[in-house]
Amino acid sequence: MQDFVFHNSTKLIFGKNKEELVGQESVVYGKKLLLHYGGGSIKASGLYTKVVHSLHEHGIEIFELGGVQPNPRVSLVREGVALCKENDIDFILAVGGGSVIDSAKAIAAGAKYDGDVWDFFDGKAEITDCLPIGVVLTIPAAGSESSNGTVITNEDGWYKRSCGHTIMRPKFAIMNPVLTYTLPPYQTACGITDMMAHILERYFTNEKNVELTDRLCEATLKTIINNAPTVLADPTNYEARAEIMWSGTLAHNDLLGTGRIGDWGSHDIEHEISGIYDLAHGAGLAIVFPAWMKYVYKHDVNRFVQFANRVWDVEIDLNNLEKTVLGGIKKTEQFFSSIGMPVRLEEVNIDDEYFEEMAKKGTERGPLGNFVKLYEEDLVEIFKLAR
């Protein structure tokens, strides 16, 4: 086990009607607030009205910036940074899912920086300060509600890049599973895939003696797998929605990565696909992860055997461990398909036109991944396996 420091400072407020507490939680950080959100769904559901009412009850002045898209754009982030600087904003409240929260985090960092916010994503500057952030979560998926990172897309070249710092963790996250009842099935499935991918990135490690976190990863994966069919068949099943929402947070609050070094190659590969094609992140991960598994499993057959057996209940064939491994990968693909996710690029009308370009862009700052280092030619082969 690796040495580690685990410090997650986000206050998690979980349960029914907890969005009514947003005013009292926000006023701690100031009286001038940027309310950041996506489209019209929070207004149609009535959540917007509840949030604004609670904020006004506590004397908070609200400035608004909506319009966050999936794969959030740096152009809107820059608009938010300018808004914060012009109005001396104290606090940013993100009401939405991972895209809204990621955009809010980038705005928070940019508001305390004299240069262009993209410098953080391009490796030209390091984050040293940011505005405080709060969250009302509506889409369980990215785990951004208590993570230290953000992912933003730059329309100039369609680069999708990440950055992070512990000071970017939200001060609080309000999590009411009822707010997820109206999510479309596809969006629910994308979220499920995303949170599973966060666990898998940590699970496939070269660290050998990590039994506790192995078991925690496996338990969280099995909880997601067990509850996914229920939330898709019965969207208003509170208990199943609660299990999924809490799993998404645990998948990416860094607890499951303690003492181990995760991979993150598959996430970086997917960023190249969604950066160009604007594909939903979860859908891209459902395509990339099985292909990555097929490409790297011989690096540590025993870990893949453990994954197949403990997560998917594949019987271990001691005379043919490779059969066990491939059985686990097949089960992974079958699960993603069963919840409506694509598992091949052709299913989302992506051909090989940009394979070389994506591989080059993805590795221009060095190889991807930690479990196995992946270079430009490796990415091309993984894209081919994903066809």
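Between T205, T220, which is under 30 Å from A109 (Cβ atoms), outside any helix (DSSP H, G or I) and not assigned by TED's automatic domain parsing to the domain that holds G15?
Of T205, T220, the one residue that is under 30 Å from A109 (Cβ atoms), outside any helix (DSSP H, G or I) and not assigned by TED's automatic domain parsing to the domain that holds G15 is T205.
For S337, work out the one condition from (1) surrounded by fewer than 16 Cβ atoms within 10 Å (Cβ to Cβ); (2) of a type in the set (S, T, Y); (3) in contact with a Pro (Cβ under 6 Å, 6 or more places away or on another chain); (4) within 17 Å of G284 (Cβ to Cβ) it doesn't fulfil.
Exception for S337: condition (3).
With the requirement that a residue be out of contact with any helix residue (DSSP H, G or I) (no Cβ under 8 Å at 6 or more places or on another chain), more than 24 Å from N206 (Cβ to Cβ) and buried (at least 21 other Cβ atoms within 10 Å of the Cβ), what does the stretch 244-274 give you?
Within the stretch 244-274, T249 is the sole residue that qualifies.
Checking E346 against (1) buried (at least 18 other Cβ atoms within 10 Å of the Cβ); (2) under 27 Å from S99 (Cβ atoms); (3) at pLDDT 95 or above, which test does it fail?
(1)
Filter the stretch 33-59 down to residues that are surrounded by 15 or more Cβ atoms within 10 Å (Cβ to Cβ), among the charged types (D, E, K, R) and either over 23 Å from W246 (Cα atoms) or touching a Gly at 6+ places or on another chain (Cβ under 8 Å) (or both), then give me how many there are.
Here the count works out to 0.
How many residues, within the stretch 9-25, are touching an Asp or Glu at 6+ places or on another chain (Cβ under 9 Å) and not in a loop (DSSP other than H, G, I, E, B)?
Residues in the stretch 9-25 being touching an Asp or Glu at 6+ places or on another chain (Cβ under 9 Å) and not in a loop (DSSP other than H, G, I, E, B): 5 in total.
Is it the case, given these coordinates, that V28 is within 21 Å of S162 (Cβ to Cβ) and either touching a Gly at 6+ places or on another chain (Cβ under 7 Å) or not in a loop (DSSP other than H, G, I, E, B) (or both)?
Here the answer is no, as V28 does not meet what is asked.
Inside the stretch 59-151, counting only strands (runs of 3 or more DSSP E) that do not spill past its ends, which hold 1 or more residues that are closer than 22 Å to D194 by Cβ and either among the hydrophobic types (A, V, I, L, M, F, W, C) or in contact (Cβ under 8 Å) with a residue 40 or more places away in the chain (or both)?
Hits in the stretch 59-151: 91-96, 133-137.
Need pairs with beta-carbon distance below 8 Å; first residue outside the structural domain of F335 (by TED's automatic domain parsing) and within the stretch 223-240, second part of a helix (DSSP H, G or I); sequence gap 6+ or separate chains.
Listed by first residue and then by second, the contacts come to nothing, as the list is empty.
Answer yes if at least one residue in the stretch 311-323 is of a type in the set (V, I, T) and touching a residue at least 60 places away in the same chain (Cβ under 8 Å), and no otherwise.
Yes: one or more hits.
Name the residues in the stretch 92-139 that are surrounded by 23 or more Cβ atoms within 10 Å (Cβ to Cβ), touching a helix residue (DSSP H, G or I) at 6+ places or on another chain (Cβ under 8 Å) and hydroxyl-bearing (S, T, Y), would you?
Answer for the stretch 92-139, where residues must be surrounded by 23 or more Cβ atoms within 10 Å (Cβ to Cβ), touching a helix residue (DSSP H, G or I) at 6+ places or on another chain (Cβ under 8 Å) and hydroxyl-bearing (S, T, Y): S103, T138.
Scan L212, L183 and give me the residue that is on the phi < 0 side of the Ramachandran plot and surrounded by fewer than 21 Cβ atoms within 10 Å (Cβ to Cβ).
L212
Quick check: anything in the stretch 372-381 out of contact with any Asp or Glu (no Cβ under 8 Å at 6 or more places or on another chain), farther than 16 Å from W264 by Cα and surrounded by 14 or more Cβ atoms within 10 Å (Cβ to Cβ)?
Yes - at least one qualifying residue is present in the stretch 372-381.
The values are calculated or read from the model by the stated rules, or taken from the named source; none is laboratory data. Here the structure is a predicted model, which means the values were calculated and not measured. Heads up, the Cβs are rebuilt from the backbone with ideal geometry, glycines too, and the neighbour counts pull from every protein chain shown.
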